[in-house]
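See below for the structure under consideration.
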Amino acid sequence: AKHCGACGKTCNSAAQELCIDGTCKVQPFSWNVLAQKDIVYAGHAFLLLKLAYNSATSVSANWCQEYTNLCTSFGYKPTGCGVQFTSMNNGYGVCATQYLSSLPDNSLGCNPSSSIAAAAKQNGFGDANYFNSFGFHYCDSSSCTKTMCSGQNCSSALSYFDYSQPYGYTLCKK
């Protein structure tokens with residue numbers, strides 16, 4: 001950001017600093033944030049993030065917690081399937097109850113990858129697609145793992161997180 005907490009104050013991108021809550025901080029994630037943009041999609045305010053993958057192993061307890069930590073570090077919540085699914089008492093509901101997924105309606109759908117890709121495309125990221133965009137899908141303990149497999153269909157928690165891709169897109173909800 002060009003105005004992090006003060007006019008003209010920029011963060012040191014070479015040191016992988018991000019402007020988080022008005023302060024330059026080194027990102028404590030297994031992702032590098034390549035771009036961030038406040039957007040409106042389907043009538044809701046989101047933070048759109050373009051991420052590069054540093055590691056197949058989460059620095060958090062698991063990848064679900066890391067996605068939650070990433071979004072909350074910016075003052076947002078992770079996205080998921082929506083209330084139609086998260087009100088269920090199963091892995092969909094765990095995304096909301098344990099990992100703070102927030103969505104006031106079902107506008108992203110379930111799996112949310114195609115809608116997240118559409119939001120990224122509408123906001124200048126033409127290379128976003130179903131296979132490099134992710135959000136919460138199903139957050140049971142067998143899906144929220146510490147080590148991520150490589151391949152687009154290998155995690156039902158962060159569909160479609162694909163460590164073999166050079167980068168990906170996600171949304172965090174305001």
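The values are calculated or read from the model by the stated rules, or taken from the named source; none is laboratory data. These numbers were taken from a predicted model, which means no experiment stands behind them. Neighbour counts run over all protein chains shown; Cβ positions are idealised from the backbone, glycine included. What goes into the accessible areas is simple: the full protein's heavy atoms, side chains included, and nothing from ligands, DNA or RNA. Shrake-Rupley method; radii C 1.70, N 1.55, O 1.52, S 1.80 Å.
Does region 134-142 include one or more residues that are of a type in the set (Ser, Thr, Tyr) and not in a loop (DSSP other than H, G, I, E, B)? Write out each step before concluding.
Of the residues in region 134-142, the ones of a type in the set (Ser, Thr, Tyr) are 138, 141-142.
Pick out the ones that are also not in a loop (DSSP other than H, G, I, E, B) and you get none.
No, there is no match, as no residue in region 134-142 is of a type in the set (Ser, Thr, Tyr) and not in a loop (DSSP other than H, G, I, E, B).
A search for C-beta distances below 8 Å between a residue of region 139-159 that is within 16 Å of VAL59 (Cα to Cα) and open to solvent by 80 Å² or more (accessible area, probe 1.4 Å) and any residue that is aromatic (Phe, Trp, Tyr) and modelled with pLDDT of 85 or more, counting only pairs 6+ apart in sequence or on different chains, returns LYS146/TRP63.
Return the residues of region 160-174 that are more than 19 Å from GLY93 (Cα to Cα), surrounded by 24 or more Cβ atoms within 10 Å (Cβ to Cβ) and of a type outside the set (S, T, N, Q); say none if nothing qualifies. Explain how you work it out, then say what you get.
Here is the first cut: in region 160-174, the ones more than 19 Å from GLY93 (Cα to Cα) are 161-170, 174.
Okay, now just the ones that are also surrounded by 24 or more Cβ atoms within 10 Å (Cβ to Cβ), so 161, 168-170.
Scanning region 160-174 gives PHE161, GLY168, TYR169.
Of all residues in region 114-133, those satisfying the criterion of being assigned to a helix (DSSP H, G or I) and not hydroxyl-bearing (Ser, Thr, Tyr) are ILE116, ALA117, ALA118, ALA119, ALA120, LYS121, GLN122, PHE131, ASN132.
Considering only strands (runs of 3 or more DSSP E) fully contained in region 16-113, which possess at least 3 residues that are modelled with pLDDT of 85 or more and either surrounded by fewer than 18 Cβ atoms within 10 Å (Cβ to Cβ) or of a type in the set (A, V, I, L, M, F, W, C) (or both)? Steps first, please.
On the way: elements: 17-20, 23-26, 31-41, 44-53.
Hits in region 16-113: 31-41, 44-53.
Checked against (1) surrounded by fewer than 18 Cβ atoms within 10 Å (Cβ to Cβ); (2) at pLDDT 90 or above; (3) among the polar types (S, T, N, Q), SER133 passes all but a single condition, namely (1).
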